[in-house]
1. Test of understanding: ordering 73, 91 by Cβ neighbours within 10 Å, fewest first, what list do you get?
2. With the contact rule set at Cα under 8 Å and sequence spacing of 6 or more, what percent relative contact order holds for the chain?
3. At 25 °C and 0.890 mPa s, what whole-number value in µm²/s does Stokes-Einstein give for the translational diffusion of the chain, with Rh from the Kirkwood sum over Cα pairs?
4. P(r) for segment 7-58, please, calculated from all Cα pair distances in 10 Å bins and given in %.
5. Give the order of 29, 74 when sorted by the count of other beta carbons within 10 angstrom, beginning with the fewest.
Ligand SMILES: [Zn+2]
């Protein structure tokens, strides 16, 4: 759709649906800048917010092994993306949208 803005990230496809969400990076006025993170969408809260979990390895010096760690990031979910829990998504940093939300989902991976 020509009305959709381009988000300047490689691998981010335009959503096929249209939305009138003000805080949508494709159809609203939300700017994406800063960090990009890939993770699993583990929780959808209401229609607009969710939680993304990221797993990473951390080297434990004392035991000389890697341990698995995880962190959770609260995200804004645009209305034009059809997302389900358990899907892998790419998220981008934005301005703070709520007390703990400063990331927005850009699409599936
Ligand atoms: Zn949208």
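Laboratory data are not the source of any read-out in this text; all were calculated from the coordinates shown. Quick caveat: nothing in here was measured; it's all calculated off a predicted structure. We place every Cβ from the backbone using ideal geometry, glycine too, and count neighbours over all the protein chains shown.
1. Values: 73 18, 91 24.
Fewest-to-most Cβ neighbours within 10 Å comes out as 73, 91.
2. Working: 227 pairs, mean separation 28.8, N = 109.
With pairs under 8 Å counted, the relative contact order is 26 percent.
3. Numbers: Rh = 14.7 Å.
Estimated via Stokes-Einstein, D reaches 167 µm²/s.
4. With 10 Å bins starting at 0, P(r) equals 18, 45, 32, 5, 0.
5. Least crowded to most crowded, the residues run 29, 74.
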